[in-house]
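K.L.:
Dropping the structure in here first, questions after.
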Amino acid sequence: MAPEIWFPHLGIQIRKLNPIAFHVFSIPVYWYGLIIGLGVLAGLFVATQEAKRTGQKPEDYLDFLMYALVASIIGARLYYVAFSWDQYKNDLLKIFATREGGLAIYGAVIAAVIVGVFYTRAKKLDFWVLADTAAPGLILGQAIGRWGNFMNQEAFGGYTDSLFAMRLMKSNVFDVPQEVLNHIQIFDNIEYIQVHPTFLYESIWNTGVFLFLIWYRRRKKFTGEVFMMYLLGYALGRVWIEGLRTDQLLIAHTAIPISQVVAGLSIIFAIIFIIYQRKKAKKYL
C-alpha cells in the first residue's frame, strides 16, 4: 500500500490519514475541529495557571474565552471571506458553510483583541494584564491548531526538495499551482506533489515563541510587553512562512498576501510600542 503522506528525506511514511475522527449519529466529527478544541483547552489551562500565579481570578479567563471563542470564529471567517470574495459574491449562502473550510487566524486574533477590550471595560479589569496573561496560551493554541491543517492535508507550501519535504497524493489536494505540478513525483504509479510542510514550520515556530514567552513573562519591563512580544514573535514567523504557502489570501487586484502585510505591520507596531513604553518606564524610575 502506497503511503498517503510521505517525508522522503526523513524516512517517515503515513499509510492512511482520515480527516474524520468518528461519527455521532452519522454526523462526521473531524480531526481538525478536535485539534482546534485541544488547542483552545491547552491555551485556557496556561492562562488560568498564569492568572493564579499573578493573583488574578482564573474564572475571568474562562468567562472571556466564552465570548472570545464565538467572536474568533466569526472574525476568522469574515477575514477569509473578505479576501476571497470572488468565491462567495455569487452565492452568499456559502459564507455560512464553514464546514467546507475557510478560516484565517489573523481574523480570529483581531476579533479576540476587540472582545478583550470590551470585556475588560465591562469587568473593570486591565486590558494589558489580560493580554499578557492570555498571550502564552494563545500562541500554544496556535501551535497545536496547525496540526489540524496536517490532518486536512492543506496549508502547504510550494515545491521543495529540502530535508523536510513532504509528499501528498495529488488526488487528495486541491488548487495546486503549476509550479508544484511541474515537479510531480511518481511512486507505485501514484502521483505525488512534493511541498514545504508550512503547517509544521509554523507549529515549531509558535512552540518556540510560547517557550520564550513563558521565560520572558517574569522579566517584562511593563504591563503589556508579553503580549507585544507575542505579536512580534508570531509575526516574524508568519511573514516568511506565509511567503512559502500556495493558498495565500491576496489583497484585491494584487499579488500581495494580506497576511504578510498584517504581519509586517504587526512587527513595526510592536517594536515601536515596546521602545516607547520602555523609554516611558525608564523615565519614571
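K.L.:
Largest first and in whole Å, what are the equivalent-ellipsoid semi-axes of segment 1-96 based on the Cα gyration tensor, each being the root of 5 times an eigenvalue?
P.N.:
Taking √(5λ) for each Cα gyration eigenvalue gives 32, 25, 15 Å.
K.L.:
Also, I was wondering about something else. Place a +1 charge on the Cβ of each Lys and Arg in the chain and a -1 charge on the Cβ of each Asp and Glu, then give the dipole magnitude about the Cα centre in debye, rounded to the nearest 20.
P.N.:
1560 debye
K.L.:
Loop only by DSSP, 10 or fewer other Cβ within 10 Å of the Cβ. Give me the chymotrypsin sites (Phe, Trp or Tyr not before Pro) in segment 18-120 that pass, ordered by residue number. Provide the component values of the computation, followed by the final result.
P.N.:
Working: sites: 22, 25, 30, 31, 32, 45, 61, 64, 67, 79, 80, 83, 85, 88, 96, 106, 118, 119; in loops: 25, 83, 88.
Sparse-neighbourhood loop chymotrypsin sites (Phe, Trp or Tyr not before Pro): 25.
K.L.:
For Cα extents along the principal axes in Å, the choices are (i) 64, 42, 37; (ii) 69, 43, 40; (iii) 59, 48, 27; which was calculated from the structure?
P.N.:
(ii)
K.L.:
Right, next: How large is ³J(HN,Hα) for each residue in segment 35-46, as worked out from phi by the Karplus curve 6.51 cos²θ - 1.76 cosθ + 1.60 (θ = phi - 60°), to whole Hz, x for Gly and Pro?
P.N.:
5, 4, x, 4, x, 5, 5, 5, x, 5, 4, 4
K.L.:
Same structure again: Below 22 Å, Cα to Cα, which lysines can residue 16 reach? Residues fewer than 8 away in the same chain don't count.
P.N.:
Those lysines meeting the cut-off are 170.
K.L.:
Moving on. Students often get this wrong: which residues of segment 220-255 have the backbone nitrogen under 16 Å from the point 7 angstrom along Cα-to-C-beta of residue 271?
P.N.:
Residues 228-240 qualify, since their backbone N sits under 16 Å from the label point.
K.L.:
Take the alpha carbon atoms of segment 180-205, find their center, do the same for segment 13-32, and report the distance between the two centers in whole angstrom.
P.N.:
21 Å
K.L.:
For the chain, with the dipole built from +1 on Lys and Arg beta-carbon atoms and -1 on Asp and Glu ones, taken about the Cα centre, which of 195, 142, 47 lies farthest toward the positive end?
P.N.:
47
K.L.:
Using 0.36 nm per residue, how much length does the chain from residue 86 to residue 256 gain when fully extended, once their Cα-Cα distance is taken away?
P.N.:
Length gained between residue 86 and residue 256: 59.6 nm.
K.L.:
For the chain, what does -39500 (n - 2.57) per DSSP helix run (n ≥ 4), summed and divided by total residues, give at 222 nm, in deg cm²/dmol to the nearest 500?
P.N.:
My calculation for the chain gives -19000 deg cm²/dmol from helical runs alone.
K.L.:
Something else about it: For segment 61-100, take N as its residue count and report Rg(C-alpha) divided by 2.2 N^0.38 Å.
P.N.:
Here the Cα radius of gyration is 1.40 times the empirical estimate.
K.L.:
Sort 272, 214, 144 so that the residue with the fewest other Cβ atoms within 10 Å of its own Cβ comes first and the one with the most comes last.
P.N.:
Ranked by crowding around the Cβ, least crowded first: 272, 214, 144.
K.L.:
If the convex hull of the alpha-carbon atoms of segment 227-285 is projected onto planes in all directions, what is the mean projected area in square nanometres?
P.N.:
Details: hull surface 18.1 nm².
Taking the Cα atoms of segment 227-285, their convex hull projects to 4.5 nm² on average.
K.L.:
Mind pulling the angle between the C-alpha long axis of helix 58-82 and the longest principal axis of the chain? Nearest 10 degrees, somewhere in 0 to 90.
P.N.:
50 degrees
K.L.:
Another question, then. Among 11, 157, 116, which one shows the highest mean-square fluctuation when the chain is modelled as a Gaussian network with alpha-carbon springs under 10 Å?
P.N.:
11
K.L.:
Right, something else. Just rank 259, 26, 84, fewest to most, by other beta-carbon atoms within 10 angstrom.
P.N.:
Listed from fewest to most nearby Cβ atoms, that is 26, 84, 259.
K.L.:
Which angle from 0 to 90°, rounded to the nearest 10, does the C-alpha axis of helix 198-216 make with the longest principal axis of the chain?
P.N.:
20 degrees
K.L.:
Contact order normalised by length for segment 5-222, with contacts defined as Cα pairs under 8 Å and 6 or more residues apart; what percent is it?
P.N.:
The normalised contact order for segment 5-222 reaches 25 percent.
K.L.:
Could you give me D for segment 48-160, from Stokes-Einstein at 10 °C and 1.306 mPa s, where the hydrodynamic radius is the Kirkwood radius over C-alpha pairs? Units µm² s⁻¹, please.
P.N.:
D, rounded to a whole number, is 101 µm²/s.
K.L.:
Hey, fewest Cβ within 10 Å first, where do 151, 66 land in order?
P.N.:
On the way: 151 19, 66 11.
Ascending number of Cβ neighbours within 10 Å: 66, 151.
Laboratory data are not the source of any read-out in this text; all were calculated from the coordinates shown. What you see is a predicted model, and the numbers here were worked out from it, not measured in a lab. Don't worry about glycine lacking a Cβ; one is built from the backbone with ideal geometry, like all the others, and counts go over all protein chains shown.
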